[in-house]
1. Check off (1) surrounded by 13 or more Cβ atoms within 10 Å (Cβ to Cβ); (2) part of a helix (DSSP H, G or I) for residue 317 and give me the number that stays unchecked.
2. Among the residues of region 220-260, which ones are in contact with a Ser or Thr (Cβ under 7 Å, 6 or more places away or on another chain) and among the charged types (D, E, K, R)?
3. Does residue 184 satisfy being touching a Phe, Trp or Tyr at 6+ places or on another chain (Cβ under 8 Å) and either surrounded by 15 or more Cβ atoms within 10 Å (Cβ to Cβ) or among the small types (Gly, Ala, Ser) (or both)?
4. Consider residue 263 carefully, then state whether it is in contact with a Ser or Thr (Cβ under 8 Å, 6 or more places away or on another chain) and modelled with pLDDT of 95 or more.
5. Restricting attention to region 202-218, which residues are assigned to a loop (DSSP other than H, G, I, E, B) and touching a strand residue (DSSP E or B) at 6+ places or on another chain (Cβ under 7 Å)?
6. Every residue in region 92-137 that is more than 18 Å from residue 65 (Cβ to Cβ) and among the aliphatic types (A, V, I, L, M), please.
7. With the condition kept exactly as written, say whether any residue in region 201-222 is without any contact (Cβ under 8 Å) to a residue 12 or more places away in the chain and of a type outside the set (Val, Ile, Thr).
8. Out of all the residues in region 425-432, is one or more in contact with a Ser or Thr (Cβ under 8 Å, 6 or more places away or on another chain) and among the charged types (D, E, K, R)?
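The values are calculated or read from the model by the stated rules, or taken from the named source; none is laboratory data. Bear in mind the structure is a predicted one, so any value in this text is a computation, not a measurement. A quick note on method: Cβ atoms are made from the backbone with ideal geometry, for glycine too, and the neighbour counts reach across all protein chains shown.
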Amino acid sequence: MAALYRCQPLKSSNKIQERRRTHRPGLFQTKQIHGRSLAGFDTIPGVSQTHHDVIIIGAGGAGMFCASRAAFRGRTALVIDHARKLGGKILISGGGRCNFTNLGATSNQYVSQNPHFCKSAMARFSPWDFIELINKHGIAYHEKKLGQQFCNESAQQIVDLLKSECDESGARIQLNTQIRSIQQLSTDRGQARFQVGTSEDTYTCESLVIATGGLSIPKIGATGFGYDVAKQFGLKLVPTRAALDGFTLSRRDAEAFGDLAGLSVDTVTTTNGISFRENVLFTHAGLSGPATLQASLHWNKGDKVVFNLLPELDAFEWFVSKKKAKSNSLVKNHLAEHFPARLAERFYEIYFPSAAQFAQTGISNVPDAALKEFSQHLHAWTLVPSGTVGYSKAEVTRGGVDTNELSSKTMECKKVPGLYFIGEVVDVTGWLGGYNFQWAWASAAAAAAAV
């Protein structure tokens with residue numbers, strides 16, 4: 001048992017330590033299969049290589065995790081993916097260290113047409129459950145901020161963990177394989193209900209799980225395949241769009257701020273009544289950074305985004321205090337105490353009333369009314385973005401398979417027995433910070449318990 005805890009996180013709360021000491025034995029058990037090697041592709045004596053209890057399409061985090069947990073239950077499981085290597089999106093996540101969960105994950109951090117849908121799955125597989133698996137594999141990790149858990153070394157460790165779980169359980173993974181067709185054969189449990197034609201062979205299965213993700217980051221293989229399957233079986237879709245993405249600006253705003261690319265500022269960023277305290281980064285295209293990415297999930301085209309650029313300060317009172325101190329410094333120079341100098345100068349030029357008139361005037365001689373108006377701009381800088389950067393940069397896809405089509409307990413389609421959708425392809429999208437990985441694990445575990 002002690003081996004589970006040999007790698008301690010860099011930051012460790014008493015709560016984490018207590019959960020480790022009282023973790024539930026047997027949650028992740030190894031099933032030995034005679035003749036099985038770790039390669040993941042060997043034949044198993046006496047087992048059909050074309051029929052499986054479960055076929056999972058998509059070898060990302062949700063797909064591999066679902067396969068291993070189903071196989072640990074004694075189900076024969078095959079994972080099929082068109083990619084040439086495993087876990088492409090995992091490998092680029094979290095700056096290459098994979099923000100694999102968030103300790104604060106609840107339904108409140110997810111956007112869906114049915115905000116209650118994710119509650120059942122997440123209640124049955126918590127962040128602590130995935131941390132137990134992390135400990136089983138001896139992966140050192142740490143909390144960066146706000147409950148976000150990262151690998152100390154590399155995101156490759158999460159891919160290796162998932163592959164190892166598949167190997168231990170007997171789940172097979174088949175890469176570089178194109179799906180040619182999917183046909184429904186039967187609706188009866190215990191029968192081959194689906195036939196999957198591929199570039200390698202034709203397979204049958206009792207349960208078919210779609211774990212193909214969304215449209216985000218097509219350069220690593222993202223496609224709309226899962227949505228096409230949903231349409232084939234008559235399921236409703238919630239319109240999709242890029243989310244956790246940067247904002248593009250109008251031509252006027254881009255001309256005003258485009259040359260500030262690389263500068264960042266601490267903000268409270270608000271759209272549609274939802275606020276985030278994070279940095280905003282100016283880019284050549286517009287705005288990025290954590291606060292912008294978070295806001296994009298709640299933003300719709302035409303909505304305003306409001307930035308409090310001095311969340312720790314009452315700007316007007318601060319300016320007045322400088323004025324009372326008989327300061328001869330310029331307003332923009334005082335602002336540069338809290339902003340990058342170029343940003344302070346640009347905001348002064350654009351938003352300070354009669355900026356040219358007071359350009360060389362010390363703050364002690366600037367009217368209070370002008371300081372107050374300028375302060376209001378600093379605390380409520382308002383933009384209407386022209387859009388987001390798009391799927392090429394977006395971390396996730398908002399929308400997807402309508403949750404009204406699925407069981408919240410099992411992820412099974414209500415009107416297509418044996419067909420399941422998990423992970424990003426479903427209309428459940430989390431905030432930045434490990435929430436979408438937690439949804440992948442939780443939804444995968446829910447399906448795996450039922451297939």
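1. Among (1) surrounded by 13 or more Cβ atoms within 10 Å (Cβ to Cβ); (2) part of a helix (DSSP H, G or I), residue 317 violates only (1).
2. 245
3. Working: touching a Phe, Trp or Tyr at 6+ places or on another chain (Cβ under 8 Å): yes; either surrounded by 15 or more Cβ atoms within 10 Å (Cβ to Cβ) or among the small types (Gly, Ala, Ser) (or both): yes.
It is true that residue 184 is touching a Phe, Trp or Tyr at 6+ places or on another chain (Cβ under 8 Å) and either surrounded by 15 or more Cβ atoms within 10 Å (Cβ to Cβ) or among the small types (Gly, Ala, Ser) (or both).
4. Values: in contact with a Ser or Thr (Cβ under 8 Å, 6 or more places away or on another chain): no; modelled with pLDDT of 95 or more: yes.
Here the answer is no, as residue 263 does not meet what is asked.
5. Going through region 202-218, the residues assigned to a loop (DSSP other than H, G, I, E, B) turn out to be 211-217.
Scanning region 202-218 gives 211, 212, 214, 215, 216.
6. 92, 103, 111
7. Of region 201-222, the ones without any contact (Cβ under 8 Å) to a residue 12 or more places away in the chain are none.
No, that holds for no residue.
8. The first filter runs over region 425-432 and keeps only residues in contact with a Ser or Thr (Cβ under 8 Å, 6 or more places away or on another chain), leaving 425-429.
Among the residues that remain, those that are also among the charged types (D, E, K, R) are: 427.
Yes, that holds for at least one residue.
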